[in-house]
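Colleague: Take a look at the following structure, please.
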Amino acid sequence: MDRLERAKLKDKVLRFLLRNRNCEHIRFYIALGKPTLYVDDFLNLGLEIYRYEPYILNIHSFNGDIFFDRTELTATFLENGGFTAIEEGLAED
């Protein structure tokens, strides 16, 4: 998966969270059609989003499960082009 494809997948994750709150990562992975080879790669994708901008994604653990949730800034981030716009901007430079 190249950088642009990865950016588009990050945006897809965030768009999914706009419609679905508090998603357990394995069910989330399956609901998105297993977009990475391994569920751990999907979890790492979520962690990449959080590390880049912790205000657009909440991650928490409960009883050994990891959950993803949107924040009040997730929609604004996507309206401004999300990770895809960032990656396309880097490709132009």
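Colleague: I'm trying to understand the selection: among the residues of the stretch 38-50, which are within 15 Å of Asp69 (Cα to Cα) and either touching a residue at least 60 places away in the same chain (Cβ under 8 Å) or among the charged types (D, E, K, R) (or both)?
Modeller: Glu48
Colleague: Which of (1) at pLDDT 95 or above; (2) surrounded by 18 or more Cβ atoms within 10 Å (Cβ to Cβ) is the odd one out, the single condition Lys34 does not satisfy?
Modeller: (2)
Colleague: Another question, if that's okay. With the structure loaded, tell me whether Glu87 is touching a residue at least 24 places away in the same chain (Cβ under 8 Å) and touching a helix residue (DSSP H, G or I) at 6+ places or on another chain (Cβ under 6 Å) or whether it fails that test. So that I can check it myself, show each step before the final result.
Modeller: Details: touching a residue at least 24 places away in the same chain (Cβ under 8 Å): yes; touching a helix residue (DSSP H, G or I) at 6+ places or on another chain (Cβ under 6 Å): yes.
Answer is yes for this residue.
Colleague: For the stretch 78-93, give me each residue that is farther than 12 Å from Glu53 by Cβ and of a type in the set (A, V, I, L, M, F, W, C).
Modeller: Of everything in the stretch 78-93, those that are farther than 12 Å from Glu53 by Cβ and of a type in the set (A, V, I, L, M, F, W, C) turn out to be Ala85, Leu90, Ala91.
Colleague: Follow-up. Could you tell me which residue of the stretch 7-37 is nearest to Tyr52 (Cα to Cα), considering only residues that are basic (Lys, Arg), out of contact with any Phe, Trp or Tyr (no Cβ under 6 Å at 6 or more places or on another chain) and in contact (Cβ under 8 Å) with a residue 40 or more places away in the chain?
Modeller: Applying the first criterion (basic (Lys, Arg)) to the stretch 7-37 yields 8, 10, 12, 15, 19, 21, 27, 34.
Subsequent filtering for residues that are out of contact with any Phe, Trp or Tyr (no Cβ under 6 Å at 6 or more places or on another chain) retains 8, 12, 15, 19, 21, 27, 34.
Retained after the next criterion (residues that are in contact (Cβ under 8 Å) with a residue 40 or more places away in the chain): 8, 15, 21.
Working: Lys8: 15, Arg15: 17, Arg21: 21 Å.
The extreme case among them is Lys8.
Colleague: Considering only the stretch 51-67, state which residues are surrounded by 12 or more Cβ atoms within 10 Å (Cβ to Cβ), touching a residue at least 40 places away in the same chain (Cβ under 8 Å) and among the charged types (D, E, K, R).
Modeller: Result: no residue meets the conditions.
The values are calculated or read from the model by the stated rules, or taken from the named source; none is laboratory data. Because the structure is a prediction, the values reported are computed rather than measured. Note that we place each Cβ from the backbone using ideal geometry, even for glycine, and neighbour counts take in every protein chain shown.
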